[in-house]
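Chemist: Sharing a structure with you now.
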Amino acid sequence: MVRLVLSDSTAPYQQFSTALNKALSATSTANKATLPILELHTGGDKKTNLVIAVGIKATEIALADFDVPVLSVMVPKAGYEALLEKHLLRKKSKTISAIYLDQPWNRQMSFIQAALPKHGIIGILYSPNTHIVLPRLPQGMSLNAKSVRSGETLFAALENILESSDVLLVTPDSEIYSSSNLRNILLTSYRKKVPLIGISQAYVNAGALCAIFSTPEQIAWQAAEAIISFAQNRQLPEPQYPASFSIGINQQVANSLEIEIAPPEIIRQRMEKAGEGAR
Amino acid sequence: MKQYSIRQQVAAITFIPLFIMAICMEIFFMQERIRDMDNDLLKQGELLVHHLAANSEYGVFSNNHQMLLQAVNGALQQQDVRGAAVLNPASEILSSAGRFSVLVNAELIDKSFVENEIVEMIGGSERQTLAQINKTDDAIIFKPALTGDSKSVWFYHAIIPAQIVLDNGGEKEAIKPLGAVIVEISKSRFEENKSRMLWTTLSVTALFLTIVFYAVYLASRSIINPISDFSSAVQKIGEGRLDTRVSEATSIRELSTLAQGLNETTINLQQERANLEYRIEKATRALREKKDEAERSSESKSHFLAVASHDLRQPLHAAGLYIAELQRRVQSDEQHHLVDRIERCIESLSSLLNALFDISKLDAGAVIPQIQSCNLATIMECLAADFQMLAGQKDIRLVVRPLYGYIATDSQLVERILVNLIGNAIRYTQRGGCVLVACRKRNGYLCIEVRDNGIGISETDQKKVFREFFQIAPESHGQNPVDGVNKGLGLGLSIVDRLVKLLGYHIELRSKPGNGSTFTLKIPVENYAEHQTDVQSKLEDKAEYRVKKASLVGTRLLVVDDDVAVLSSTSSFLRSCGCAVDFASSFSQVEQLLSEGAEWDLVISDYHLEDGKNGLDVISAVRRHHNNRPTPCILVSGDTKQSVVEAVKANGYTLLQKPVKPGKLKSLMMHLLDPL
């Protein structure tokens, strides 16, 4: 029996839940496997064999309340790792895995290269207390990473990095890229004629030039596979990035910034050609 | 109770509710309007700070002072904005424009947050430098007390960054304000607007009320004018002008009915009055007829009296003169005695006749008092002289105490009164008694007392003594009868009573049987004066005094009378006095004598003569003949008519009423012949 725990009932999580149900029913008819019963966000049932925790909050609850394997989905890699670290201090042995929300660095770099071949310098802004593992850069690209130093305003750091970058790549850092800040960041980058590359469709909608991301449905399919594999051999796969991804482009922003950007299919083809295997 | 006119009442009835309504509506709408204006002000302020907050978000984020300055200047350009400022999260001013009434600083904002209820509500117990905002769209309005100026209002709005939903799987972060904006908006224009609105409303209301008042005034005229007409009409009717009518043409039904009623009533009244007047006139006419009849009968009575007196006196007068002549001629004592008796009878008859005529005349109102000033003492002394002899005959002491002075009265009437009183006193006083006539002033009256110690009058008789023909019976006082010959007629006191009433005087009687009687004639003292000379009274004085001194011997006389008996008796009496007498029975005979050259010292003529002539014609003829020498004349008449008396007096002659006593005639003749 699989239990689904949602962080909340916002649209992405609902989409995930629906998609997961759909995916599971599709696969189960093919394999004639046991039908998992899905319940929302209720704890304390010992008959549960696997918990699918959607979001950081749900993962935290699942870790605390269930003594069964947990598959955390739609969590940022940094957030998951931090949680895991904290949790493992208390409970040593625990079957836990994850499907991250964010994209792997390589894919992102490949995407930027495919989408904006002329923009070589990629700016990354991060908050002081986080550490990022800088990726290996493809040819013709350079990284310009800066942290917001203490005593410095976000604006000053932003301005600084925008001065010396061709694009600004958003990191899943909620201290910088918060709902409150995003508008001003977008405004600032727009003023500096530096396009912003987001990490979800929301960024594209808000004014980012483009974004590479995985939709809840894509993650749900991946999760369904993991569940089926768990049902067969009682093992969870290793934590992994989403396998499928989508590309969002804000053509209006491109027009405003006078940037020529290829349609998503072309970009995907270029990425595939460059060697990033994706479905 | 205080009274009001209809117009005032109508005005009050219509005006007061209207006034109250107008005031209430005005208050209501004013309140609404003021509230609206206040709301407008708040809305405007909220909108402005909201806008400014949104506008300065990026400026604050980017710390772009230029941008913020533009934003605050933009806000300042809005109407009524006094000052605008943008604060950073530490409540420090990033940018400000305009002039705030109080310096904006963190302390002020802190204080405001502490005391501002709205902020408490929003911020809860946890207080930060900037108010913690849950309701991002709310502006905070500072209390005027905190900002130190009630003429302006302060708006505070946190700068909340616009939120973009990011499904990055991270935790929901708390929204933190980037800073805040403060705007001060002046209320002065609003206050001005309010007061202008107040004044406008007030003047419009006043205008409205004035128009209403004027309309009421006009409307009330249609009621008041007819009523004023009624009022004046009623007043006129009250004054007796019954031909007054009021107009029935009025638009008000009740008033029309009232007018109709009033007119009908007036018509009825008019008819009633006409009817009444007719009846009164009728009654008056009847009365006038009765009065005329009475006057006619009174006139005929007077005429009868005059005629009767004239005709009765003529023979009596003649008889008196004959008896005087006879007295001279008779020789023997027995004859003398007889003649005496006849004389007394005639005298008695004469007095009775005189008394009866007097009463008749008095009753008929034929006697009119001739008021003139006369010497009271003279009258009294004359009376004393006249009665002294009579008193002496009865051996009665007659004492007269006159008061020297003059009274305004008819002396003849007063004399008649006193003659009667004194005569009665002597008559009813026994031989050897005493009669006192005294005059004195007492209690505002001039009192003439006639007192005797005679038989007196019993109390029951006292009420009767003034009646006609009442006499005190000798038996009633139980004494011997008084001298039978002197018995009165019983008319004296009734004449006295009538005369006293005629003159307006009073008479009092005090008496006890056996103790004598006192009659008091009371004349109001204002008629009395101590000093006044009167020619006529002096003349009379002298005439009375000289009676006995002169003699008539040798005097030439003319006697004229149409009654032959009178003529002959008078002539014979005068001849016996030693006079040379010519006589004529008519005016023609007088003319004849005059033409024969006859001259006379004195003329005695009857007033009424034959052929329509009278005594006056005789006298004038004589005087003409005597070359206008003022020959003394005496006119004699049995006629008591006032016209005759006046005609004689007007010519300055002396008139004697028939019957004339020989003695009186003689004394008058002597007076006229010898005035000194």
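The values are calculated or read from the model by the stated rules, or taken from the named source; none is laboratory data. A quick note: this is a predicted structure, and the numbers were derived from the prediction, not measured. As a convention, Cβ positions derive from the backbone with ideal geometry for all residues, glycine included, and neighbour counts pool all protein chains shown.
Chemist: So residue B:241 fits all but one of (1) basic (Lys, Arg); (2) over 30 Å from residue B:161 (Cα atoms); (3) touching a residue at least 12 places away in the same chain (Cβ under 8 Å); what number is the exception?
Modeler: Residue B:241 satisfies every listed condition except (3).
Chemist: Also, quick follow-up: Limited to segment A:2-16, what total is found for residues that are surrounded by fewer than 16 Cβ atoms within 10 Å (Cβ to Cβ) and more than 11 Å from chain B (Cβ to nearest Cβ)?
Modeler: Residues meeting the conditions: 2.
Chemist: Kindly establish whether residue B:41 is in a helix (DSSP H, G or I), without any contact (Cβ under 8 Å) to a residue 12 or more places away in the chain and away from chain A (no Cβ under 14 Å).
Modeler: Here the answer is no, as residue B:41 does not meet what is asked.
Chemist: Can you work out which of the residues in segment B:588-616 that are in contact with a helix residue (DSSP H, G or I) (Cβ under 6 Å, 6 or more places away or on another chain) and assigned to a helix (DSSP H, G or I) is farthest from residue B:316 (Cα to Cα)?
Modeler: This residue is B:594.
Chemist: Name the residue that is surrounded by the most Cβ atoms within 10 Å (Cβ to Cβ), counting only residues in segment A:104-124 that are within 17 Å of the chain's Cα centre (by Cα) and not polar (S, T, N, Q).
Modeler: The residue in question is A:111.
Chemist: Picking from A:157, A:82, A:98, A:145, which residue would you name as being without any contact (Cβ under 8 Å) to a residue 60 or more places away in the chain, buried (at least 16 other Cβ atoms within 10 Å of the Cβ) and more than 16 Å from residue A:208 (Cβ to Cβ)?
Modeler: A:157
Chemist: Let me ask another. Going by what's in this entry, would residue B:324 be described as modelled with pLDDT under 85 and of a type in the set (A, V, I, L, M)?
Modeler: yes
Chemist: Continuing with this model, one more query. With respect to residue B:90, is the statement that it is at pLDDT below 85 and within 30 Å of residue B:200 (Cα to Cα) true?
Modeler: So residue B:90 fails the test.
Residues are listed down the side, and each one gets a yes or a no for (1) surrounded by fewer than 23 Cβ atoms within 10 Å (Cβ to Cβ); (2) touching a helix residue (DSSP H, G or I) at 6+ places or on another chain (Cβ under 8 Å); (3) part of a strand (DSSP E or B):
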site: A:202; (1), (2), (3): yes, no, no
site: A:205; (1), (2), (3): yes, no, no
site: A:208; (1), (2), (3): no, yes, no
site: A:211; (1), (2), (3): no, yes, yes
site: A:220; (1), (2), (3): no, yes, no
site: A:230; (1), (2), (3): yes, no, no
site: A:235; (1), (2), (3): yes, yes, no
site: A:238; (1), (2), (3): yes, no, no
site: A:242; (1), (2), (3): no, yes, no
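Chemist: Taking helices (runs of 4 or more DSSP H) that fall entirely within segment A:70-179, which contain at least 2 residues that are within 13 Å of chain B (Cβ to nearest Cβ) and of a type in the set (A, V, I, L, M, F, W, C)?
Modeler: Qualifying helices (runs of 4 or more DSSP H): A:77-88, A:154-163.
Chemist: How many residues does segment B:233-251 contain that are assigned to a helix (DSSP H, G or I) and surrounded by 12 or more Cβ atoms within 10 Å (Cβ to Cβ)?
Modeler: Qualifying residue count, segment B:233-251: 4.
Chemist: Against the definition (of a type in the set (Lys, Arg) and within 21 Å of residue A:247 (Cα to Cα)), how does residue A:193 come out, yes or no?
Modeler: Here the answer is no, as residue A:193 does not meet what is asked.
Chemist: Moving to a separate point now. Taking segment B:631-676 on its own, how many of its residues are under 23 Å from residue B:599 (Cα atoms) and assigned to a loop (DSSP other than H, G, I, E, B)?
Modeler: Count: 8.
Chemist: Here are some conditions: (1) of a type outside the set (A, V, I, L, M); (2) touching a Pro at 6+ places or on another chain (Cβ under 8 Å); (3) under 30 Å from residue B:57 (Cβ atoms); (4) part of a helix (DSSP H, G or I). Residue A:252 meets all but one. Which one does it not meet?
Modeler: Of everything listed in (1) of a type outside the set (A, V, I, L, M); (2) touching a Pro at 6+ places or on another chain (Cβ under 8 Å); (3) under 30 Å from residue B:57 (Cβ atoms); (4) part of a helix (DSSP H, G or I), residue A:252 misses just condition (2).
Chemist: Mind listing just one residue for me: the one in segment A:183-200 that is in a loop (DSSP other than H, G, I, E, B) and more than 8 Å from every other protein chain (Cβ to nearest Cβ) and, of those, farthest from residue A:107 (Cα to Cα)?
Modeler: Looking at the filtered set, the residue picked out is A:192.
Chemist: Considering every residue within segment A:219-230, establish whether at least one is more than 14 Å from every other protein chain (Cβ to nearest Cβ), closer than 23 Å to residue B:58 by Cα and acidic (Asp, Glu).
Modeler: No.
Chemist: When you check residue B:467 against the structure, is it more than 16 Å from residue B:500 (Cβ to Cβ), out of contact with any Cys (no Cβ under 6 Å at 6 or more places or on another chain) and assigned by TED's automatic domain parsing to the domain that holds residue B:388, yes or no?
Modeler: no
Chemist: Let me ask something else about it. Go through segment B:355-416 and tell me which strands (runs of 3 or more DSSP E), entirely inside it, have 1 or more residues that are within 45 Å of the chain's Cα centre (by Cα).
Modeler: Per the criteria, B:372-375, B:406-409.
Chemist: Just wondering, is there one or more residues in segment B:340-356 that are exposed (fewer than 14 other Cβ atoms within 10 Å of the Cβ), out of contact with any Leu (no Cβ under 8 Å at 6 or more places or on another chain) and within 30 Å of residue B:404 (Cα to Cα)?
Modeler: Scanning segment B:340-356, I find no residue that is exposed (fewer than 14 other Cβ atoms within 10 Å of the Cβ), out of contact with any Leu (no Cβ under 8 Å at 6 or more places or on another chain) and within 30 Å of residue B:404 (Cα to Cα), so the answer is no.
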